[in-house]
C-alpha cells in the first residue's frame, strides 16, 4: 500500500479517557497492547492494534521492533521557558527577586540571534532527551528569540506553541516592550509562523503584574483579530504576586478577574501555576474552558506553595489541567521528574509545609482527587495535557489520524536498584497486564528520570536515542 511508510512494533500504553472519571477503576480509561503494531504514514498514525491482527493487513511495511520497552505518546509540557535553559537550577529565593537577579539578565541575551540560535539547539535536545515531543513555551520580549525558537522546532518537525512576550513594567528597561511594539511584532510573527508546519502561536502577556492595562488591552485586541491563536501566561504563583496583582488592578476582585476584564479568559487560554487560586476562581476557569498548568518542580523549588489538583479536577467544575516542568524555575526538563514531584504534592493532602492544615483543603473528596497514581499521572503527561491545550484532536494517544509522536521508556534504565524493584512486578518478561504496565510506570515516575527515556520519536521518525553507557 504506497501511502504506508513505516510501522513500529512493541508494548503500547495510552489513554482513551480521563481516569478521574473512574475513581477506584482508573485502568478503564487506559489501553495496554502488550504486542502491538503502530502504522505511520507521513508522520500520522494510519492504523494501530494488536500485532497479530495488524501484521497481515500490512505485510510489506517495514517494521521497527522496540523490545523490552513501554511505548507511550510523547510527553506534553504545558509550561516551559525557552530562554531560561542556561540558568536552570539557579539559586534564587522566591519568585520576584529570582526574576530580577537571574532571569531577566539572562533573557536579555536572547536579542542576539547567534546566542538564541545556539540556545534553541540545546533546548530542543534536552526536551527530546526527556521524552517531551510537544511544549507550550515562553520566549522573550525580543522577536529574535521567538523566531529562533520556531525555526529550530521546524527543523525538528516538532509540534510547539509559543509567542513573543508582552511586558511593559517591573523589568529592566532594555527588556520591556511597548504595547505598540508588541502589537506590531506579534502580528508579523503570527503571519509568519501560526499553523505553518506544526507551529502554533500564543499571544503571551508574561504575567498581569508585568503588564499595564494598555498591554492587556493589546493582547485582547490581538485575540479578537486572531481568535485561532492560543493565550499563554502566569497566574497566582505565589502570595506576593497575588497581592501585587490586587494593587496594580484595584478594580479587579482577584487575579482571574484581570483576565476576565480584558476578555482573555476562555478556550485556548493557559495560565501557569494557579497555586493560590480560590475555589471561585477555579469554577470560573472551568466555566470559561480555560486551562491551568501544574508546575510542581518550580512551585517547590521557589517555595511558591502546593497546587490543589483535587480542586481543579472537581467533577462539578473540571478545569483543563496540563503539567509543566517550568524550566528554569523548575530544576529539570524531565516530565518524569515532574510526575514524581506532582505525586509528592498530592500526598501532602491538606497538610501545609509547616505542618498546619490548609483551610482550603478541608474537603476529603478533594484530597482524594489530589493523589496521583500511575493512571492519573501519565494521563496528565499525555492525553490530558493535549486536552488541556486543545490539541487532543491531533495528539495524546495512538488513535488513527493523530500525529505519531511517542516515547519508548526503559522501565529499568540500567539502574540496579530500579531493575531489582521492577523485577518484583514483571519478572524478566515485561508486563503482561495493564496493571503490571501501570505499576512499572509508577516505578519509573517514583524512582526514575530522563535516563528512563530510551527513544523519542517525532512524526514517525526517531529523533533521540539514548547512548549506551
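The values are calculated or read from the model by the stated rules, or taken from the named source; none is laboratory data. Model, not experiment: these values are computed from the prediction. Note: ideal-geometry Cβ built from the backbone for every residue, glycine included; neighbour counts use all protein chains shown.
Quick notes on this one:
- Some residue of region 421-443 being closer than 20 Å to residue 325 by Cβ, outside the structural domain of residue 269 (by TED's automatic domain parsing) and modelled with pLDDT of 95 or more: yes
- When region 186-200 is limited to residues that are under 16 Å from residue 142 (Cβ atoms) and in contact with a helix residue (DSSP H, G or I) (Cβ under 6 Å, 6 or more places away or on another chain), the one that is surrounded by the fewest Cβ atoms within 10 Å (Cβ to Cβ) turns out to be 189.
- Residue within region 13-24 that is closer than 15 Å to residue 460 by Cβ and either modelled with pLDDT of 95 or more or in contact with a helix residue (DSSP H, G or I) (Cβ under 7 Å, 6 or more places away or on another chain) (or both) present: no
- Test: residue in region 57-70 that is under 25 Å from the mean Cα position of the chain (by Cα) and either surrounded by 23 or more Cβ atoms within 10 Å (Cβ to Cβ) or in contact (Cβ under 8 Å) with a residue 60 or more places away in the chain (or both): yes
- Single residue of 80, 108 found to be in contact (Cβ under 8 Å) with a residue 40 or more places away in the chain and either over 30 Å from residue 12 (Cβ atoms) or not assigned by TED's automatic domain parsing to the domain that holds residue 321 (or both): 108
- Among the residues making up region 183-203, those that are assigned to a helix (DSSP H, G or I), in contact (Cβ under 8 Å) with a residue 40 or more places away in the chain and touching a strand residue (DSSP E or B) at 6+ places or on another chain (Cβ under 8 Å) are 189, 193.
- Any hit, region 93-104, residues being surrounded by fewer than 19 Cβ atoms within 10 Å (Cβ to Cβ), at pLDDT below 95, at positive phi and in the same structural domain as residue 301 (by TED's automatic domain parsing): yes
- The set of residues in region 254-276 being over 23 Å from residue 224 (Cβ atoms), in a loop (DSSP other than H, G, I, E, B) and touching a helix residue (DSSP H, G or I) at 6+ places or on another chain (Cβ under 7 Å) consists of 254, 275, 276.
- The set of residues in region 282-301 that are surrounded by 24 or more Cβ atoms within 10 Å (Cβ to Cβ), under 17 Å from residue 241 (Cα atoms) and over 16 Å from the mean Cα position of the chain (by Cα) is empty.
- Matching residues in region 35-56 - criterion: being out of contact with any helix residue (DSSP H, G or I) (no Cβ under 8 Å at 6 or more places or on another chain) and under 24 Å from residue 434 (Cβ atoms): 38, 40, 45, 49, 50, 51, 52, 53, 54, 55
- Check on residue 250, without any contact (Cβ under 8 Å) to a residue 24 or more places away in the chain and within 24 Å of the chain's Cα centre (by Cα): no
- Those residues of region 223-244 which are part of a helix (DSSP H, G or I) and either surrounded by fewer than 21 Cβ atoms within 10 Å (Cβ to Cβ) or not assigned by TED's automatic domain parsing to the domain that holds residue 172 (or both), in sequence order: 223, 224, 225, 239, 240, 242, 243, 244
- Verdict on residue 318 being surrounded by fewer than 19 Cβ atoms within 10 Å (Cβ to Cβ) and in a helix (DSSP H, G or I): no
- Residue among 65, 79 that is in contact with a strand residue (DSSP E or B) (Cβ under 7 Å, 6 or more places away or on another chain) and either modelled with pLDDT under 95 or within 16 Å of residue 456 (Cα to Cα) (or both): 65
- Residues (part of a helix (DSSP H, G or I) and closer than 23 Å to residue 335 by Cβ) located in region 280-299: 285, 296, 297, 298, 299
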